[in-house]
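Peer 1: One structure, pasted below without further comment.
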Amino acid sequence: DNITSSLFVETAEVIVPMVTLYHSDFSGRSARFPAGRHDFRDGAYDDNMVASIRIPRGLQVTLYENGSFRGRSMVLRADAGTDFFRGHQFDGIATSMVVEELPAEELFVTLYEQVNTGFEEKLGPGRYNAANLRIGNDRITSIRIPKGMQVTLHEDADFLGRSMTFNGRDADLTISQVFDNRTSSLIVEDY
């Protein structure tokens, strides 16, 4: 208190997550875009040339077939290559896109000791043995799973034994009772 005679202030480098669009399968001509609305007719990228896309975790991209964010659209939260776009008949037709940051609650699954209440633990993508989690082994009763994420439960440690996968919806394990309080390892993924 009242003893500081000088201080040094510097600007910290801020890293802005950006989506990368490619003309080929993650190669060739590319351009990077931050969160915002981007119409390719303005020259920021070649119209109808999106063949693949890299999307950093925490961003969501909506691609539109026509300019001004109109026409058929596709929502993505993870990288997509040329095979994906071809399979969805969206190869080389994007003319505009919206890049949005996802809210923090959309980036983690939540494990519950009781049905959507009680002790909870949040997990990002990864492979987990339940014995090493705060919630503990054979204690998971329900899971909140945001859109774009999936959880694969395993009955035994080290991802062995029977398994069941849930994606993009909450899972009440008491309904089937197969995995209610019987999960010893799990895999959390973006998809």
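Peer 1: Determine whether Ala31 is farther than 24 Å from Gly168 by Cβ, free of Cβ contacts under 8 Å to residues at least 24 places away in the same chain, small (Gly, Ala, Ser) and touching a Phe, Trp or Tyr at 6+ places or on another chain (Cβ under 9 Å).
Peer 2: Against the criterion (farther than 24 Å from Gly168 by Cβ, free of Cβ contacts under 8 Å to residues at least 24 places away in the same chain, small (Gly, Ala, Ser) and touching a Phe, Trp or Tyr at 6+ places or on another chain (Cβ under 9 Å)), Ala31 qualifies.
Peer 1: Considering the stretch 49-69 alone, what residues qualify as being open to solvent by 50 Å² or more (accessible area, probe 1.4 Å) and either within 17 Å of Phe84 (Cβ to Cβ) or touching a helix residue (DSSP H, G or I) at 6+ places or on another chain (Cβ under 6 Å) (or both)?
Peer 2: Met49, Arg54, Glu65
Peer 1: Given the conditions (1) in contact (Cβ under 8 Å) with a residue 24 or more places away in the chain; (2) farther than 30 Å from Ala51 by Cα; (3) surrounded by fewer than 17 Cβ atoms within 10 Å (Cβ to Cβ), which single one is not true for Glu100?
Peer 2: Of (1) in contact (Cβ under 8 Å) with a residue 24 or more places away in the chain; (2) farther than 30 Å from Ala51 by Cα; (3) surrounded by fewer than 17 Cβ atoms within 10 Å (Cβ to Cβ), only one is false for Glu100: (2).
Peer 1: If I ask for residues that are farther than 14 Å from Ala171 by Cα, hydrophobic (A, V, I, L, M, F, W, C) and either touching a helix residue (DSSP H, G or I) at 6+ places or on another chain (Cβ under 6 Å) or surrounded by fewer than 19 Cβ atoms within 10 Å (Cβ to Cβ) (or both), which ones from the stretch 109-134 would you list?
Peer 2: Once the filter is applied, which keeps residues that are farther than 14 Å from Ala171 by Cα, hydrophobic (A, V, I, L, M, F, W, C) and either touching a helix residue (DSSP H, G or I) at 6+ places or on another chain (Cβ under 6 Å) or surrounded by fewer than 19 Cβ atoms within 10 Å (Cβ to Cβ) (or both), the stretch 109-134 yields Phe119, Leu123, Ala131, Leu133.
Peer 1: Then there's this: Out of all the residues in the stretch 162-184, which are open to solvent by less than 30 Å² (accessible area, probe 1.4 Å) and either under 18 Å from Arg127 (Cα atoms) or modelled with pLDDT of 95 or more (or both)?
Peer 2: Scanning the stretch 162-184 gives Phe166, Phe179, Thr183, Ser184.
Peer 1: May I ask you to list the residues in the stretch 1-57 that are under 25 Å from the mean Cα position of the chain (by Cα) and among the β-branched types (Val, Ile, Thr)?
Peer 2: Matches in the stretch 1-57: Val14, Ile15, Val16, Val19, Thr20, Val50, Ile53, Ile55.
Peer 1: So, Ser6, is that one part of a loop (DSSP other than H, G, I, E, B), free of Cβ contacts under 8 Å to residues at least 60 places away in the same chain and out of contact with any strand residue (DSSP E or B) (no Cβ under 9 Å at 6 or more places or on another chain) or not?
Peer 2: yes
Peer 1: Hand me the list of strands (runs of 3 or more DSSP E) wholly inside the stretch 35-95 holding 2 or more residues that are more than 15 Å from Met18 (Cα to Cα) and not aromatic (Phe, Trp, Tyr).
Peer 2: 59-66, 70-76
The values are calculated or read from the model by the stated rules, or taken from the named source; none is laboratory data. Here the structure is a predicted model, which is why all the values come from computation and not from measurement. Glycine gets a Cβ as well: all are built from the backbone with ideal geometry, and neighbour counts include every protein chain shown. Note: accessible area is taken over every heavy atom of the protein model, side chains too, but ligands, DNA and RNA are not part of it. Shrake-Rupley method; radii C 1.70, N 1.55, O 1.52, S 1.80 Å.
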